[in-house]
Amino acid sequence: MTKIAPVIIVLGNNSIPVARKIISVLPEAQLYGLAGRTSDVDVSFTEFGVTLRELFTNNTPIIGFCATGILIRTLAPLLANKRQEPPVLAVAEDGSAVVPLLGGLNGVNSLARKIASVLSIKPALTTTGDIRFGIALEDPPAGYRLSNPEYAKTFMSDLLAGQSVRLEGNAAWLRNSSLPIVQDAEKVIEVTEKAVDSTPNHLIYHPATIAIGITPLNPTLHTGEDCELVALVQQMLADAQLAPASVAGVFASISDAAEPGLQAIASSFNLPIRFFTPDAIAQVMYQNNTADVAIGAALLAAAGELVMQRQTANFSCAIAIAPLPIDINTTGTPRGRLAIIGTGPGRSDWMSPEVKEILRNATDFVGYSTYLNLVKAFTKDKRLHESDNREEIARAKVALDLAAEGWFVVVISSGDPGIYAMAAAVFEVLDKQAKPEWQSIEIQVAPGISAMQAAAAKIGAPLGHDFCTISLSDILKPWSIIEQRITAAAQADFVIAFYNPVSKQRTWQLAQTQKILLRHRSADTPVVLARNLGRDGESTVVCTLGNLVPEQADMRTVIIVGSSKTRMIQKPDGGIWVYTPRRYDD
Ligand code: SAH
């Protein structure tokens, strides 16, 4: 599971110096500031309650510079399950207090300690176990899972009441704590990857020490045979008497990354998958004198001992155990992801939640500088790869190469990525210049609101009936084809949305378009010129085909030319609505 970066919420500029101090020890944290009251923040918000509840629901750790009461009252309706809540802390504006409020099972106390130490204060810890023994049994550090959390509370209470505990197995965080450890104590804390039953007097922690290596045995993808692989892994773990909770991840060669069986295993056991290069695996195979890639991958991940290897007709699977928990963040690389997203025309509330989620999680942003500007709120700690707007194919290749290395790459277009934008360029490169290493990448297109939709919404419903879009740019297609399409669309009586109407180098095409359209459509046909939608200098102007002045358009204008049915309505305030009716019966 990816760890979600904390968000620090400030309601005024006075809190920012202390917030920055906290960021010095939590560099991944994002600073959210109330719009109008704060400046120089990563994300500016207007609705405190909505923002806070959205972050909480997304499991984001929250550090609020405000009264504890405000945080509690705002989140109260959402408090249902203490196992699932993220850490929530209140910090005093002058940095004199840090109060952990929620998320006791998800590390709030350790976060409070970290913040308190950079502010040189004492955290307001109230959990007795934490204070007395320096650990929370219910909230073990990364790499350990408590198999029976329901027993932990009473177990801790018994220790606080004076009972002692015996430690079995290896875990420095327990050994080095202030727990009352005694050799022959009746109560036991055991650290083991074995599947053992727990009792109220016997707590079990499963360390993330098991690596599962998998390789398909023939080159075709095994769709539909995933169940076979899931059953194999389940059986192997059962036969080796190992606890599934101790499995750190699934490991494989990057050349097998697109194999659906791997995804099936990962999702059915809720495990991360990490990949190694074929060379790195080959070296381990050579050292261990094996021809099995699954064994190579498992041993490379675990740097420990091979426990079991089995195979079916389609897969080989190996289990290895590491001496210490495997850190999934530093072992292999995840499958590369390429998301081709559309930001919408410009306004952040016109950007889809899916796109925002991708922007938050991606590692690398690829795009033309103007488009990178549209997602500025998300660029902190990202690697930015700016390029010239015309270099679409080169940009697509850069993005695919980065994703093939295991990064989560986002390619940014304005509007919708599939409309005169980067999605087609990526697929063209994939189709015509495919490299084998790109096979492993998971590719996704996330839609956005296109300029014509934003323009239509501003002015009414001009796209209410059949319409088409035509780009007037003749950089990638010859003008003769554009002329043909304008004529055909005009003859077919489509409403037409014109993209790229003019640019610095292309000035005559729009006047020529107007001439062609006037051959088929009356001079009083409504025309909408929408400029800089969702950005500074937005304007929407309505004129007619006859009095359209091409110089009124620029490269940030989208033009909608009505059909013979498109109508204008006067608004009481002097403005105009434009719409195209859907019925043809009058
Ligand atoms: N993918 C984009 C289109 C890119 S082509 C989309 O779906 O909107 C670039 C053209 O889109 C510009 O020349 C202009 O015609 C139009 N456009 C893009 N953003 C715009 C905006 N904010 N306001 C008006 N037109 C815009």
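The values are calculated or read from the model by the stated rules, or taken from the named source; none is laboratory data. Bear in mind the structure is a predicted one, so any value in this text is a computation, not a measurement. Glycine gets a Cβ as well: all are built from the backbone with ideal geometry, and neighbour counts include every protein chain shown. Protein only, heavy atoms only, side chains kept; ligands, DNA and RNA dropped before computing areas. Shrake-Rupley method; radii C 1.70, N 1.55, O 1.52, S 1.80 Å.
List of remarks:
- Taking segment 529-586 and the strands (runs of 3 or more DSSP E) fully enclosed by it, the elements with 1 or more residues that are away from the ligand (no atom under 16 Å from the Cβ), open to solvent by 50 Å² or more (accessible area, probe 1.4 Å) and among the polar types (S, T, N, Q) are at 567-570.
- When segment 492-514 is filtered for residues that are open to solvent by 10 Å² or more (accessible area, probe 1.4 Å) and within 19 Å of residue 421 (Cβ to Cβ), the ones remaining, listed by number, are 499, 500, 502, 503, 506.
- Residue 371, sole failed condition from (1) at pLDDT below 95; (2) more than 16 Å from the ligand (Cβ to nearest atom); (3) open to solvent by 30 Å² or more (accessible area, probe 1.4 Å); (4) not in a loop (DSSP other than H, G, I, E, B): (2)
- Filter result for residue 244 (open to solvent by 20 Å² or more (accessible area, probe 1.4 Å), outside the structural domain of residue 404 (by TED's automatic domain parsing) and closer than 19 Å to residue 334 by Cβ): no
- Scanning segment 346-373 for residues that are within 16 Å of residue 396 (Cα to Cα) and touching a helix residue (DSSP H, G or I) at 6+ places or on another chain (Cβ under 7 Å) turns up 364, 365, 366.
- Sole exception among (1) open to solvent by less than 60 Å² (accessible area, probe 1.4 Å); (2) more than 30 Å from residue 392 (Cβ to Cβ) for residue 489, by number: (2)
- Remark: pairs (first residue in segment 443-463, over 26 Å from residue 411 (Cβ atoms); second residue near the ligand (Cβ under 8 Å from one of its atoms) and not in a helix (DSSP H, G or I); Cβ separation under 8 Å; 6+ apart in sequence or on different chains) = 458/530; 458/533; 459/530.
- Going through (1) assigned by TED's automatic domain parsing to the domain that holds residue 148; (2) part of a helix (DSSP H, G or I); (3) under 27 Å from residue 329 (Cα atoms) one by one, residue 190 falls short only on (2).
- Residue in segment 207-218 that is open to solvent by 30 Å² or more (accessible area, probe 1.4 Å), over 13 Å from residue 321 (Cα atoms) and at pLDDT below 95 present: yes
- Restricting the search to helices (runs of 4 or more DSSP H) fully inside segment 64-154 and requiring at least 2 residues that are free of Cβ contacts under 8 Å to residues at least 60 places away in the same chain, within 30 Å of residue 164 (Cα to Cα) and within 27 Å of the chain's Cα centre (by Cα) gives 108-118.
- Residue list for segment 433-468, filter: within 16 Å of the ligand (Cβ to nearest atom) and under 20 Å from residue 582 (Cα atoms): 452, 453, 454, 455, 456, 457, 458, 459, 462, 463, 467, 468
- Residue selection: residue 377 satisfies the criterion of being open to solvent by 20 Å² or more (accessible area, probe 1.4 Å), in a helix (DSSP H, G or I) and within 24 Å of residue 454 (Cβ to Cβ).
- Scanning segment 131-157 for residues that are in contact with a strand residue (DSSP E or B) (Cβ under 7 Å, 6 or more places away or on another chain) and open to solvent by 40 Å² or more (accessible area, probe 1.4 Å) returns 138, 145, 147, 151.
- Residue check for residue 396: open to solvent by less than 60 Å² (accessible area, probe 1.4 Å) and within 14 Å of the ligand (Cβ to nearest atom): no
- Residue, most open to solvent (accessible area, probe 1.4 Å), within segment 423-443, restricted to residues that are under 19 Å from the mean Cα position of the chain (by Cα) and among the aliphatic types (A, V, I, L, M): 443
- Just one residue in the set 303, 266 is out of contact with any helix residue (DSSP H, G or I) (no Cβ under 8 Å at 6 or more places or on another chain) and open to solvent by 40 Å² or more (accessible area, probe 1.4 Å); that residue is 303.
- Leading residue by the ranking (modelled with the highest pLDDT) among those in segment 167-200 that are open to solvent by 70 Å² or more (accessible area, probe 1.4 Å) and out of contact with any helix residue (DSSP H, G or I) (no Cβ under 9 Å at 6 or more places or on another chain): 186
- Conditions (1) within 30 Å of residue 87 (Cβ to Cβ); (2) part of a loop (DSSP other than H, G, I, E, B); (3) open to solvent by 60 Å² or more (accessible area, probe 1.4 Å): number failed by residue 162: (1)
- Residue 279 meets the conditions (1) open to solvent by 70 Å² or more (accessible area, probe 1.4 Å); (2) under 24 Å from residue 196 (Cα atoms) in every case but one. The failed one is (2).
- On the stretch given as segment 402-422, residues that are open to solvent by less than 10 Å² (accessible area, probe 1.4 Å), among the aliphatic types (A, V, I, L, M) and within 16 Å of the ligand (Cβ to nearest atom) total 4.
- Residues of segment 333-350 satisfying the condition of being of a type outside the set (Lys, Arg) and surrounded by fewer than 24 Cβ atoms within 10 Å (Cβ to Cβ): 333, 334, 346, 348, 349, 350
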